[in-house]
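J.: I'd like to ask you about the structure that follows.
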Amino acid sequence: MTAITLIQGDITQQSVDAIVNAANSSLLGGGGVDGAIHRRGGPAILAECRDLRASRYGRGLPTGQAVATTAGNLDARWVIHTVGPRFTREENRSELLASCYRESLRIADELGARTVAFPAVSAGIYGWPMEDAARIAVETVRESVRETESAIEEVRFVLFDEQAYEAFARHVR
Ligand code: AR6
């Protein structure tokens with residue numbers, strides 16, 4: 001049985017087995033959570049991301065997929081980088097956002113992670129409305145841990161501000 005928990009705070013301060021990063025397909029860093037993870041995690045994470053670009057993802061990590069690296073100086077064993085879709089009103093990309101959560105959990109499970117922290121993927125720079133991002137995140141994680149009979153003990157959503165926390169809380173209840 002996997003517990004789904006919520007906290008308001010900074011994901012780079014969490015002690016968990018795996019921290020999920022809302023990356024971009026270059027895997028070479030950016031702003032938001034991505035910037036914070038590389039800043040606090042140190043250069044080992046970026047070095048591994050560069051190797052991944054060179055070996056497996058020459059064209060970038062596709063949207064909706066995920067890949068793990070070391071967590072460098074973070075209090076975690078792995079960072080799982082996933083690429084959320086940019087929000088657009090012209091096209092429904094919910095399935096790609098759901099895929100970020102499913103793929104990240106699949107990799108976490110494969111690695112043997114027991115505790116996994118997620119930010120609100122796509123709900124910052126990529127413009128996804130928080131309410132909808134929260135619904136997709138919580139529904140997907142719930143279904144995914146049920147269907148895969150995951151050995152993960154806790155999936156923790158780490159929300160940066162109160163508005164995000166409240167949006168997730170409406171769905172976790
Ligand atoms: N801990 C937890 N949540 C955070 C933190 C933090 N330290 N910092 C920001 N958030 P974003 P995206 C929240 O923009 O929308 C980057 O440049 C933030 O308030 O980090 O998927 C990447 O390289 C928001 O609610 O990710 C990509 O180019 C949520 O995390 C692009 O941004 C996600 O915001 C990805 O954009």
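J.: Just to be sure before I move on: is ALA151 buried (at least 17 other Cβ atoms within 10 Å of the Cβ) and among the aliphatic types (A, V, I, L, M) in the structure I sent?
T.: So ALA151 fails the test.
J.: Scan the stretch 11-31 and tell me whether some residue there is away from the ligand (no atom under 14 Å from the Cβ) and closer than 22 Å to ILE136 by Cβ.
T.: Checking the stretch 11-31: at least one residue is away from the ligand (no atom under 14 Å from the Cβ) and closer than 22 Å to ILE136 by Cβ.
J.: Anything in the stretch 13-62 that is closer than 15 Å to TYR126 by Cβ and of a type in the set (Asp, Glu)? List them, or say none.
T.: Passing the criteria: only ASP34.
J.: Going by the conditions given, is ALA22 modelled with pLDDT of 95 or more and in contact with a Phe, Trp or Tyr (Cβ under 8 Å, 6 or more places away or on another chain)? Even if it seems obvious, please write down each step before you answer.
T.: Working: modelled with pLDDT of 95 or more: yes; in contact with a Phe, Trp or Tyr (Cβ under 8 Å, 6 or more places away or on another chain): yes.
When the stated conditions are applied, ALA22 passes them.
J.: Of everything in the stretch 65-76, what is within 15 Å of ILE11 (Cβ to Cβ) and surrounded by fewer than 18 Cβ atoms within 10 Å (Cβ to Cβ)? Give them in sequence order.
T.: Those that are within 15 Å of ILE11 (Cβ to Cβ) and surrounded by fewer than 18 Cβ atoms within 10 Å (Cβ to Cβ): ASN73, ASP75.
J.: Can you say whether SER99 is modelled with pLDDT of 95 or more and over 17 Å from PHE118 (Cα atoms), as far as the supplied structure shows?
T.: no
J.: Scanning for something within 14 Å of the ligand (Cβ to nearest atom), touching a residue at least 40 places away in the same chain (Cβ under 8 Å) and within 11 Å of the chain's Cα centre (by Cα), does the stretch 148-157 turn up at least one residue? Full working, then the answer.
T.: At the first step, the residues of the stretch 148-157 found to be within 14 Å of the ligand (Cβ to nearest atom) are 156-157.
Those still in the list that are touching a residue at least 40 places away in the same chain (Cβ under 8 Å) too: 156-157.
Checking the rest, the ones that are also within 11 Å of the chain's Cα centre (by Cα) come to 156-157.
There is at least one residue in the stretch 148-157 that is within 14 Å of the ligand (Cβ to nearest atom), touching a residue at least 40 places away in the same chain (Cβ under 8 Å) and within 11 Å of the chain's Cα centre (by Cα).
The values are calculated or read from the model by the stated rules, or taken from the named source; none is laboratory data. As the structure is a computational prediction, the values presented were derived from the model and not from experiment. Please note: Cβ atoms are built from the backbone with ideal geometry, for glycine as well, and neighbour counts cover all protein chains shown.
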